1. Hey, got the Cα dimensions of the protein assembly as shown along the principal axes, in Å, largest first?
2. Check the straight Cα-Cα distances from residue A:78 and name the lysines below 22 Å, setting aside those fewer than 8 residues away within the same chain.
3. Stokes-Einstein diffusion coefficient for chain B at 25 °C in a medium of 0.890 mPa s, Rh from the Kirkwood formula over Cα pairs: what value in µm²/s?
4. So if the hydrodynamic radius of the stretch A:8-53 is defined as the Kirkwood radius over C-alpha pairs, what does Stokes-Einstein give as its diffusion coefficient at 10 °C and 1.306 mPa s, in µm² per second?
5. Mean shadow of the stretch B:49-112, computed from the convex hull of its alpha carbons, in nm²?
6. Can you give the net charge of the other residues whose Cβ lies under 13 Å from the Cβ of residue B:103, counting K and R as +1 and D and E as -1?
7. Chains A and B: buried accessible surface, both sides, probe 1.4 Å, rounded to 100 Å²?
8. Among B:17, A:28, A:9, which residue has its Cα furthest toward the positive end of the charge dipole of the protein assembly as shown, with +1 on Lys/Arg Cβ and -1 on Asp/Glu Cβ?
Amino acid sequence: ILNVEQSPQSLHVQEGDSTNFTCSFPSSNFYALHWYRWETAKSPEALFVMTLNGDEKKKGRISATLNTKEGYSYLYIKGSQPEDSATYLCAFTSSGGANNLFFGTGTRLTVIP
Amino acid sequence: GAGVSQSPRYKVAKRGQDVALRCDPISGHVSLFWYQQALGQGPEFLTYFQNEAQLDKSGLPSDRFFAERPEGSVSTLKIQRTQQEDSAVYLCASQGFFNEQFFGPGTRLTVL
């Protein structure tokens, strides 16, 4: 089992605030890093798949960076809105495997109107 | 359908009962994965299919857990003689190009 850690575990922010979370993962045998948003009673929604060191991806107000050498990724949300409230999961896939995902425990974000 | 579907969405079972959880992947997706998410944890890998072949079942927690995908499309995860520790959300994902996995909404199993 590969150790993927996320912090913080939970976060409350005011509407309009910007925020960020951290995901750390093994730096050896890296293949890809995934970010998902999971709202209650819905399917986890893929946000980003990142494979290259230094990669930076953006989707609207959400962006992510990747450092494969030191084994971390940041997810940023600019100007948080109540609809951003969800659990944000990161997951790691290793090279040479079957592409099964190793997940962190998630960061639960609550945006207060 | 357009996405991955799972049924039932919620299942309550008495300890010792057998349950069967269904996953309908995105049409044409070759790879299918099952994950188990216990309360307060991240999802954990259970098993993986490529078409009808079960290539990895290393994550199945005991021999009470069994998965199949006989025609390379719909998959069923069966749990025999359920125990309280089996209570969890069971997620199914199918994989498209670029290694992106698309998830269903999960089945929440509660064993009393």
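1. Result, largest extent first: 48, 39, 32 Å.
2. Cross-link targets: A:57, A:58, A:59.
3. Taking Rh from Cα pairs, D becomes 177 µm²/s.
4. Taking Rh from Cα pairs, D becomes 120 µm²/s.
5. Mean projected area of the Cα convex hull: 4.9 nm².
6. The answer is -2.
7. Chains A and B together bury approximately 1600 Å².
8. Value computed over the given set: B:17.
The values are calculated or read from the model by the stated rules, or taken from the named source; none is laboratory data. Predicted, not measured: the structure shown is a model, and the values here were computed from it. Neighbour counts run over all protein chains shown; Cβ positions are idealised from the backbone, glycine included. Protein only, heavy atoms only, side chains kept; ligands, DNA and RNA dropped before computing areas. Shrake-Rupley method; radii C 1.70, N 1.55, O 1.52, S 1.80 Å.
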